[in-house]
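Shown next, in structure tokens, is the structure this report addresses.
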Amino acid sequence: MIIEVIGRRLRLGIVGGGPGSVIGDVHRAGARLDGYYEIVAAALSSDPERSRRTGRAIGVSDERAYPSWRELVESEAKRKDRIDVIAVMTPNDSNYDICCAALDAGFHIICDKPLTTDLASAISLAKKVKSSGLEFCLTHSYTAYPMVRQARAMILNGAIGPIRQLHLQYVQGYLASEDIPPGWRLDPARVGGSMILIDIGTHAHHLGAYVTGLDLESLCADVGHVVPGRKVDDYVSMLLRYSNGARGSMWVTNAASGAEDRMAIRLRRTNIGYSL
């Protein structure tokens, strides 16, 4: 393990995900769970004072509770005890700039999806990561569940034979109401080309590809919003065609009243089916 090689835990800096956010507590708990990381620096909010205050609240020292992500990157790059890794959990439109700056400063990165909001910047970032030689981890963490790992092993070992059908779902309801307070997820300028596909559609697609090892070759999609007056996508239904000829479907929404948070994958061959 790397901590055995360097003789200490990895020093982690966190950007975004302050107290009250959905994903911040998850990241911090995950970092501490196995003892591999020590959270030593943070820039948790776009508001400078709140960023400092909340950084101190999670146990970061005053001098390393930074007012902005730019100051975190610049200041940590100059320290002898600089961070090893930056974890990025910010709104969609800021991930690209933060990751580019972190790579330029020589930091390894753990980043939430989406990496960027358009194809051109995604290609640019991929090239930058490759040329840097640094580790870049994208948090499609559903693939770490034991049942998902077992399903992948069974399929790749031929235990259920060739896949003929693959059906994916990720259904949430937290944006089902018409009176949701304004936020960055409902701002077309900040979320990118399609909010629903970038927000949770990526998870459903990635899970299907990971478990089966199949590449998606073509699709037919109905993408849009079901909540009247909404300016971002909150619904998608797709027909899918995979590299081995398998057919499939994907239904993803965060506007299904009564739904909490459920992702499902169904696989079928001629006479055998499995569901997760």
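Would segment 18-35 turn up any residue that is touching a helix residue (DSSP H, G or I) at 6+ places or on another chain (Cβ under 9 Å), surrounded by 16 or more Cβ atoms within 10 Å (Cβ to Cβ), under 20 Å from C99 (Cα atoms) and at pLDDT 95 or above?
The answer is no, given that none of the residues of segment 18-35 is touching a helix residue (DSSP H, G or I) at 6+ places or on another chain (Cβ under 9 Å), surrounded by 16 or more Cβ atoms within 10 Å (Cβ to Cβ), under 20 Å from C99 (Cα atoms) and at pLDDT 95 or above.
Determine if segment 189-200 includes at least one residue that is under 30 Å from M154 (Cβ atoms), assigned by TED's automatic domain parsing to the domain that holds I155 and without any contact (Cβ under 8 Å) to a residue 24 or more places away in the chain.
Looking for residues that are under 30 Å from M154 (Cβ atoms), assigned by TED's automatic domain parsing to the domain that holds I155 and without any contact (Cβ under 8 Å) to a residue 24 or more places away in the chain, one finds none in segment 189-200, hence no.
For every residue, the table says whether it meets (1) part of a helix (DSSP H, G or I); (2) among the hydrophobic types (A, V, I, L, M, F, W, C); (3) touching a helix residue (DSSP H, G or I) at 6+ places or on another chain (Cβ under 8 Å).
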position: P67; (1), (2), (3): no, no, yes
position: R70; (1), (2), (3): yes, no, yes
position: D81; (1), (2), (3): no, no, no
position: V88; (1), (2), (3): no, yes, yes
position: N95; (1), (2), (3): yes, no, no
position: L103; (1), (2), (3): yes, yes, yes
position: L115; (1), (2), (3): no, yes, yes
position: K127; (1), (2), (3): yes, no, no
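Name the pairs: first residue in segment 148-167 and on the phi > 0 side of the Ramachandran plot, second residue assigned to a loop (DSSP other than H, G, I, E, B) and surrounded by fewer than 13 Cβ atoms within 10 Å (Cβ to Cβ), Cβ to Cβ under 8 Å, at least 6 apart or on different chains?
Partner pairs satisfying both residue conditions: G161/T270; G161/I272.
Please go through (1) hydrophobic (A, V, I, L, M, F, W, C); (2) surrounded by fewer than 18 Cβ atoms within 10 Å (Cβ to Cβ); (3) within 30 Å of G224 (Cα to Cα) for L168 and return the number of the only condition it doesn't satisfy.
Going through the list (1) hydrophobic (A, V, I, L, M, F, W, C); (2) surrounded by fewer than 18 Cβ atoms within 10 Å (Cβ to Cβ); (3) within 30 Å of G224 (Cα to Cα), L168 breaks only (2).
For Y145, which of the numbered conditions (1) modelled with pLDDT under 95; (2) aromatic (F, W, Y); (3) surrounded by 14 or more Cβ atoms within 10 Å (Cβ to Cβ) fails to hold?
(3)
Considering each residue of segment 181-192, count those that are of a type outside the set (D, E) and surrounded by 15 or more Cβ atoms within 10 Å (Cβ to Cβ), and give that number.
5
Checking the condition in the same structural domain as N95 (by TED's automatic domain parsing) and either part of a strand (DSSP E or B) or farther than 23 Å from A105 by Cα (or both), which residue from E38, E63 passes?
Numbers: E63 fails: either part of a strand (DSSP E or B) or farther than 23 Å from A105 by Cα (or both).
Criteria check complete, one pass: E38.
Any residue that is closer than 25 Å to R28 by Cα, in contact with a Lys or Arg (Cβ under 6 Å, 6 or more places away or on another chain), modelled with pLDDT under 95 and polar (S, T, N, Q) - is there at least one of those in segment 202-218?
Looking through segment 202-218, at least one residue is closer than 25 Å to R28 by Cα, in contact with a Lys or Arg (Cβ under 6 Å, 6 or more places away or on another chain), modelled with pLDDT under 95 and polar (S, T, N, Q).
Would you check which residues across segment 66-89 are hydroxyl-bearing (S, T, Y) and surrounded by 22 or more Cβ atoms within 10 Å (Cβ to Cβ) and list them?
The answer is Y66, and nothing else.
Of the residues that make up segment 232-244, is at least one farther than 20 Å from H140 by Cβ and among the aromatic types (F, W, Y)?
Taking every residue of segment 232-244 in turn, at least one turns out to be farther than 20 Å from H140 by Cβ and among the aromatic types (F, W, Y).
Does A204 fit the bill of being buried (at least 17 other Cβ atoms within 10 Å of the Cβ), of a type in the set (G, A, S) and farther than 17 Å from P182 by Cα?
Working: buried (at least 17 other Cβ atoms within 10 Å of the Cβ): yes; of a type in the set (G, A, S): yes; farther than 17 Å from P182 by Cα: yes.
Yes, satisfied.
I want to confirm something. Restricting to segment 228-246 and keeping residues that are crowded, with 17+ Cβ neighbours inside 10 Å and either touching a helix residue (DSSP H, G or I) at 6+ places or on another chain (Cβ under 7 Å) or without any contact (Cβ under 8 Å) to a residue 60 or more places away in the chain (or both), which single residue is farthest from G173 (Cα to Cα)? Working first, answer last.
Of all residues in segment 228-246, those crowded, with 17+ Cβ neighbours inside 10 Å come to 230, 232-236, 238, 240, 242, 246.
Filter once more, so that each one left must be either touching a helix residue (DSSP H, G or I) at 6+ places or on another chain (Cβ under 7 Å) or without any contact (Cβ under 8 Å) to a residue 60 or more places away in the chain (or both): 230, 232-236, 238.
Details: R230: 15, V232: 15, D233: 14, D234: 10, Y235: 11, V236: 14, M238: 19 Å.
It comes out as M238.
Out of everything in segment 1-17 that is farther than 18 Å from D112 by Cα and either assigned to a helix (DSSP H, G or I) or among the small types (G, A, S) (or both), what residue ends up being modelled with the highest pLDDT?
Here the answer is G7.
If we keep just the residues of segment 101-124 that are of a type outside the set (S, T, N, Q) and more than 27 Å from D81 (Cα to Cα), which is farthest from the chain's Cα centre (by Cα)?
Filtering first and then ranking leaves A120.
Keeping to segment 246-271, report how many residues are part of a strand (DSSP E or B) and either among the hydroxyl-bearing types (S, T, Y) or at pLDDT below 95 (or both).
10
Output the number of residues of segment 46-65 satisfying the condition of being touching a helix residue (DSSP H, G or I) at 6+ places or on another chain (Cβ under 7 Å) and either crowded, with 16+ Cβ neighbours inside 10 Å or within 16 Å of V88 (Cβ to Cβ) (or both).
Summing the residues that are touching a helix residue (DSSP H, G or I) at 6+ places or on another chain (Cβ under 7 Å) and either crowded, with 16+ Cβ neighbours inside 10 Å or within 16 Å of V88 (Cβ to Cβ) (or both) in segment 46-65 gives 2.
The values are calculated or read from the model by the stated rules, or taken from the named source; none is laboratory data. As the structure is a computational prediction, the values presented were derived from the model and not from experiment. Because the Cβ atoms are built from the backbone with ideal geometry, glycine has one as well, and the counts that use them run over all protein chains shown.
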